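Visitor: Input: one structure, supplied below.
The values are calculated or read from the model by the stated rules, or taken from the named source; none is laboratory data. Keep in mind the model is a prediction, meaning the values are calculated, not measured. Backbone-built Cβ (ideal geometry, glycine too); neighbour counts: all protein chains shown.
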Amino acid sequence: MYYTKQDIADLDRVLRLKIINSVTGIKPANLIGTIGNNGVTNLAVFSSIVHLGSRPALLGFIARPPTDEVGHTLQNIMENGAYTINHIHPDFTKNAHYTSAKFEKSVSEFAACGLTEDYIDGFKAPFVKESHFKIGLQFVDALDIPNGTKLVIGEIQNLTLPDIDINAGDLDLELSKSTGISGLNSYYELKKIAQYPFVRLDEVPEF
């Protein structure tokens, strides 16, 4: 199948969303946990988490413009600066998926979707207790993207990693049972198929 720019624009809205969200391949499946100044926690599924640098340790994600119905994650981050990123695992993909519903700001998705708030070492934002791969972040900046979304940048403050062997810093995401997302609603288990050395020019083999 071949689609021009106009073909894509003419697609049914939901079909277009699903296709364009799928063309990049499998993306990491995460839950972002926040808390507002009103004391109500928020939890939302995101597949746009990206690595931005390791010194300082920065991660980014794409947030839609806040409205009364959506954008509570970004609102809470802008209020107090702290948030968490938590890997989704196969045993709670269904719970995680339904956090994407448009709950009112007064409703905590933790309670509504059967997940448990977890507070670690005094960090203000809630982690997901069911996740065994958790990241605490402090807001750094939010950059405007031409389509009206924002690239939200945070610096890692703490890490909770699963009890698996860290082989020279290579985290085996198959062993940790982290999952991936394609499109809007398809979840995948990850399978490790190869591991290669850090590439140096004089070590590139002949193909």
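Visitor: Checking the conditions here, which among ASP121, ASP163 is under 24 Å from ASP91 (Cα atoms), assigned to a loop (DSSP other than H, G, I, E, B), out of contact with any Cys (no Cβ under 7 Å at 6 or more places or on another chain) and not small (Gly, Ala, Ser)?
Guide: Numbers: ASP121 fails: under 24 Å from ASP91 (Cα atoms).
ASP163 is the lone residue from the list that is under 24 Å from ASP91 (Cα atoms), assigned to a loop (DSSP other than H, G, I, E, B), out of contact with any Cys (no Cβ under 7 Å at 6 or more places or on another chain) and not small (Gly, Ala, Ser).
Visitor: Return yes or no: is GLU117 of a type in the set (Asp, Glu), under 16 Å from the mean Cα position of the chain (by Cα) and either surrounded by 13 or more Cβ atoms within 10 Å (Cβ to Cβ) or modelled with pLDDT of 95 or more (or both)? Give the derivation first.
Guide: Values: of a type in the set (Asp, Glu): yes; under 16 Å from the mean Cα position of the chain (by Cα): no; either surrounded by 13 or more Cβ atoms within 10 Å (Cβ to Cβ) or modelled with pLDDT of 95 or more (or both): yes.
No; evaluated as a whole, the condition is false for this residue.
Visitor: Return yes when PHE127 is touching a residue at least 60 places away in the same chain (Cβ under 8 Å) and under 15 Å from THR160 (Cβ atoms) and no when it is not. Give the steps one after another, and end with the answer.
Guide: Values: touching a residue at least 60 places away in the same chain (Cβ under 8 Å): yes; under 15 Å from THR160 (Cβ atoms): yes.
Considered against the rule, which asks whether it is touching a residue at least 60 places away in the same chain (Cβ under 8 Å) and under 15 Å from THR160 (Cβ atoms), PHE127 comes out as yes.
Visitor: Another question, if that's okay. Take the residues of the stretch 137-157 that are in contact with a Lys or Arg (Cβ under 9 Å, 6 or more places away or on another chain) and surrounded by 15 or more Cβ atoms within 10 Å (Cβ to Cβ): which is farthest from GLY71 (Cα to Cα)?
Guide: Here the answer is ALA142.
Visitor: Same structure again: Within 17 Å of the chain's Cα centre (by Cα), farther than 26 Å from THR116 by Cα and assigned to a helix (DSSP H, G or I), is that true of ASN21? I'd like the intermediate steps shown before the answer.
Guide: Details: within 17 Å of the chain's Cα centre (by Cα): yes; farther than 26 Å from THR116 by Cα: yes; assigned to a helix (DSSP H, G or I): yes.
Yes.
Visitor: What residue, of GLY39, GLY25, GLY81, is of a type outside the set (Ser, Thr, Tyr), surrounded by fewer than 19 Cβ atoms within 10 Å (Cβ to Cβ), over 28 Å from GLU189 (Cα atoms) and in contact with a strand residue (DSSP E or B) (Cβ under 8 Å, 6 or more places away or on another chain)? Reasoning before the result, please.
Guide: Numbers: GLY39 fails: in contact with a strand residue (DSSP E or B) (Cβ under 8 Å, 6 or more places away or on another chain); GLY25 fails: over 28 Å from GLU189 (Cα atoms).
Only one candidate qualifies: GLY81.
Visitor: When you scan the stretch 42-65, how many residues do you find that are part of a loop (DSSP other than H, G, I, E, B) and farther than 17 Å from ASN86 by Cβ? It would help to see each step written out before you state the result.
Guide: Going through the stretch 42-65, the residues part of a loop (DSSP other than H, G, I, E, B) turn out to be 47-49, 55-56, 64-65.
Now restrict to residues that are farther than 17 Å from ASN86 by Cβ: 55-56, 64-65.
Result for the stretch 42-65: 4.
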